[in-house]
Every structure is written in C-alpha cells, then in structure tokens.
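A.B. asks: If you scroll down you'll find the structure; I have some questions about it.
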Amino acid sequence: MSFRDIAFQDKAIEFLKRSQEAGKLSHSLLFFGPEAVGKREVAITLAKALNCNEGKEADSCDSCPSCKKIDGLSHPDVHWIGPEGAGNVIKIASIRAMQKKINLKPFEGQVKFFIIDRAHLLAEEAANSLLKTLEEPPKETVIILITNDLEKIFPTIRSRCQWVLFSQASPGELKEILKKKYTLSEVDAHFLSHLSEGRIGKAIAIKEEGGLKWKNAIIDGFTMENIIANEDALYFGNKREKVLDIMDVMISWYRDMLILANGADAALVINADRIDDLTKKANALSEYKIRELLAETLKMRAYIEQNVNPKLALSNLAFMTEQ
Ligand SMILES: [Zn+2]
C-alpha cells in the first residue's frame, strides 16, 4: 500500500512528507492514535518511500525489489520490535539487539528503520535503555514508536520523539470508503463502519472474517451450549482479541434492540440486515431486560480487557441471555 492508497490519514502523511522534503524529518517519531486506523501502514509506507528504488514523489512504488522486501518483512534494513512472551512486554533484550544493529550502515537501502510496535508495553528497563538511542540516533536511521495508549508511554520517551497524531474517521466517512474502494454493499458497509467505530483496519479485519455472515453466526449461536462446544476456539490468551470482537457484535445487537424498544429512529440500527428479528426480540423482551443484557455485556467486555478468563465471562453472559 502506498501513501496514495491509505485512507483518512492525510494530515499525518502530509506532515511526514513535508518534513522529509524539508530535510526536517525527526529520527525519532511517535505515532499515536486509536487502534486499527493505519499507524502501521503509514510506518511501513514511510520505510518503503525512503528506500524505494524508484523514489518518485516521496511515495512507495510497491513494485521495486526494495518495496516488495519491506512488504514481505524481509528487508535487512527494516526491523520490527514488539512485545514478547507471557509478560507481553518489550524486553530489554530486544532493545539491546536493536542497539547492536543501529550503528551499522544500511545493508542495501538508504535509511534503516526500527519500528517499535505497541511501544506502551516497553518494560521500564527497556525504556530506560532506549532513551539514549532516541536522543542521538545515528544518521540514516529512523525509529518509529507506535502506540494507541499515549498515557502509558514514559514521559521521558515521549519528550524525545516527534509526535504524529492519527485520527479515526466518522462511521459515515468510513462507510463511503468501504463502498467505493472495497465495493461493499450498503448493508455491509453500514454494519462494518459502525461496529468498527470508524477504524478502517478493524472494519477490514471483520470483513475478512466473513463480514455479515460471521457476525450473524455469532448472534444466532450465542448460547451456553455453543460456547461450551466451542471451548477450544474461544480459549484464549492469544484469542482475547477474537473474544472482544464477539463481545462487540453482541453489544451492537443489544444496543440495536434497545433503540427499537425505545421507539427511536430505525436508521440508527447497526444490524440493519436483521431489523425484523430485532423488532421481534425488542417486542418480546422488556426494556429492563434488554438494558440489563447490554449492561452485562459491556461489563464482561471490560473484564475480559482487564484479563479475566474470557470463557468464564462468556459463559456467564450466555447463561444470562437464556434466562
Ligand atoms: Zn519501490
């Protein structure tokens, strides 16, 4: 993907391009903004643009050997660093390994990149070790820290980087892009743009899971029996993100039900493809019960985010749904 193809991040891209053209691009950049809005795509595209064999218009060509290697994560001058192991932290060993490579000349490109993903997970000693490098990175090097949680980045790290803000689109804007660029139907685009709350990466990930089919299978299959039968699929650790997706679908479902129970505008419903089922359910359940289901689902989602066993949380919720 080149800069031209990345949606909604014009301001961040413009800023990077202009800084580069003026010779003022900082060697230590901090990309921050919500999850799944394109921070990694912009980082990788910057690495491609600055190493592209074609080198046209400060963008990547995506077809030269250098661009292809970077896309394939096999370029010797572009390094990704992220959290590892059970502790889910970026270890000091990873930072030391980076420091060993950083003073070498680029192997085949013009600029070496070290992209530190989920930088808010830097262990304290790793962060301390990184400080000096951020202050004086060698020439021909760009370090990019990526985070969706600026508050958790150590202030000493924050103050040594140039900040680049990434924002998310409104669901309406994302819907139009999904229809035009990804040729999705109105109903699909409507659901994905709202469920993802305007985050394009999230919308595309759900689309790749199967979009409406996937979410309807969740809604229809959200029973205790199914959750027990699918224990392996839901179990866990690395599947936490998936369980959160399931929770988001159920939140959208109960929220829609509540909208209809309150007699609000049906155009606000996210699961527009299921309006008849939703109306039936909204009529069959009391508003109190729907509220309770929604509140419980939101609570479970928060628990899972804080590391509560997702299976337990889901089982509790499915049990409640069936009452
Ligand atoms: Zn290229």
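The values are calculated or read from the model by the stated rules, or taken from the named source; none is laboratory data. Treat the numbers as computed from the prediction; the structure is a model and nothing was measured. Glycine also receives a Cβ, built like all others from the backbone with ideal geometry; neighbour counts cover every protein chain displayed.
A.B. asks: Among (1) within 14 Å of the ligand (Cβ to nearest atom); (2) more than 19 Å from the chain's Cα centre (by Cα); (3) surrounded by fewer than 20 Cβ atoms within 10 Å (Cβ to Cβ); (4) closer than 25 Å to Y182 by Cα, where does D5 come up short?
C.D. replies: That leaves (2) as the condition not met.
A.B. asks: Another question, if that's okay. In segment 175-205, what count of residues is obtained for those that are outside any helix (DSSP H, G or I) and of a type in the set (G, A, S)?
C.D. replies: 3
A.B. asks: On to the next question. Can you say whether S26 is at pLDDT below 95, surrounded by fewer than 21 Cβ atoms within 10 Å (Cβ to Cβ) and within 20 Å of S129 (Cα to Cα), as far as the supplied structure shows? Spell out the reasoning first.
C.D. replies: Working: at pLDDT below 95: yes; surrounded by fewer than 21 Cβ atoms within 10 Å (Cβ to Cβ): yes; within 20 Å of S129 (Cα to Cα): yes.
Against the criterion (at pLDDT below 95, surrounded by fewer than 21 Cβ atoms within 10 Å (Cβ to Cβ) and within 20 Å of S129 (Cα to Cα)), S26 qualifies.
A.B. asks: Look at segment 72-88 and say how many of its residues are away from the ligand (no atom under 16 Å from the Cβ) and either of a type in the set (A, V, I, L, M, F, W, C) or not in a loop (DSSP other than H, G, I, E, B) (or both).
C.D. replies: 5
A.B. asks: Identify the residue in segment 35-55 that is without any contact (Cβ under 8 Å) to a residue 60 or more places away in the chain and more than 19 Å from the chain's Cα centre (by Cα) and, among all such residues, is nearest to the ligand (Cβ to nearest atom).
C.D. replies: Applying the filter and picking the extreme gives C52.
A.B. asks: Can you work out which of the residues in segment 56-71 that are over 17 Å from I13 (Cβ atoms) and in a loop (DSSP other than H, G, I, E, B) is nearest to the ligand (Cβ to nearest atom)?
C.D. replies: Top of the filtered list is C64.
A.B. asks: Please go through segment 8-18 and give me each residue that is surrounded by 15 or more Cβ atoms within 10 Å (Cβ to Cβ) and without any contact (Cβ under 8 Å) to a residue 40 or more places away in the chain, ordered by number.
C.D. replies: Looking only at segment 8-18, we keep the residues that are surrounded by 15 or more Cβ atoms within 10 Å (Cβ to Cβ), and these are 8-9, 12-13, 15-17.
I13 - this is the single residue of segment 8-18 that is surrounded by 15 or more Cβ atoms within 10 Å (Cβ to Cβ) and without any contact (Cβ under 8 Å) to a residue 40 or more places away in the chain.
A.B. asks: Oh, and also: Looking at this structure, is Q99 outside any helix (DSSP H, G or I) and either without any contact (Cβ under 8 Å) to a residue 40 or more places away in the chain or within 15 Å of the ligand (Cβ to nearest atom) (or both)?
C.D. replies: Details: outside any helix (DSSP H, G or I): no; either without any contact (Cβ under 8 Å) to a residue 40 or more places away in the chain or within 15 Å of the ligand (Cβ to nearest atom) (or both): yes.
Answer is no for this residue.
A.B. asks: With (1) at negative phi; (2) exposed (fewer than 13 other Cβ atoms within 10 Å of the Cβ) as the list, and F222 as the residue in question, which single condition is left unmet?
C.D. replies: (2)
A.B. asks: Let me ask another. Just to be sure I understand the filter: pairs with C-beta atoms under 7 Å, separated by 6 or more residues or on different chains, first member in segment 146-159 and part of a loop (DSSP other than H, G, I, E, B), second member among the polar types (S, T, N, Q). Which pairs pass?
C.D. replies: I153/T147
A.B. asks: Please verify whether I92 is more than 16 Å from the ligand (Cβ to nearest atom), in contact with an Asp or Glu (Cβ under 9 Å, 6 or more places away or on another chain) and of a type in the set (V, I, T), treating the condition exactly as stated.
C.D. replies: So I92 passes the test.
A.B. asks: Can you pull out the residues in segment 36-64 that are surrounded by fewer than 17 Cβ atoms within 10 Å (Cβ to Cβ) and closer than 11 Å to I146 by Cβ?
C.D. replies: R40
A.B. asks: Additional query: Name every residue in segment 259-276 that is more than 17 Å from H190 (Cα to Cα), touching an Asp or Glu at 6+ places or on another chain (Cβ under 9 Å) and surrounded by fewer than 18 Cβ atoms within 10 Å (Cβ to Cβ), in order of residue number.
C.D. replies: Answer for segment 259-276, where residues must be more than 17 Å from H190 (Cα to Cα), touching an Asp or Glu at 6+ places or on another chain (Cβ under 9 Å) and surrounded by fewer than 18 Cβ atoms within 10 Å (Cβ to Cβ): just N262.
A.B. asks: Tell me which residues, restricted to segment 169-200, are under 19 Å from D10 (Cβ atoms) and among the charged types (D, E, K, R).
C.D. replies: E173, K175, E176, K180, K181, R199
A.B. asks: Output the number of residues of segment 32-83 satisfying the condition of being modelled with pLDDT under 95 and touching a Pro at 6+ places or on another chain (Cβ under 7 Å).
C.D. replies: Qualifying residue count for the region: 1.
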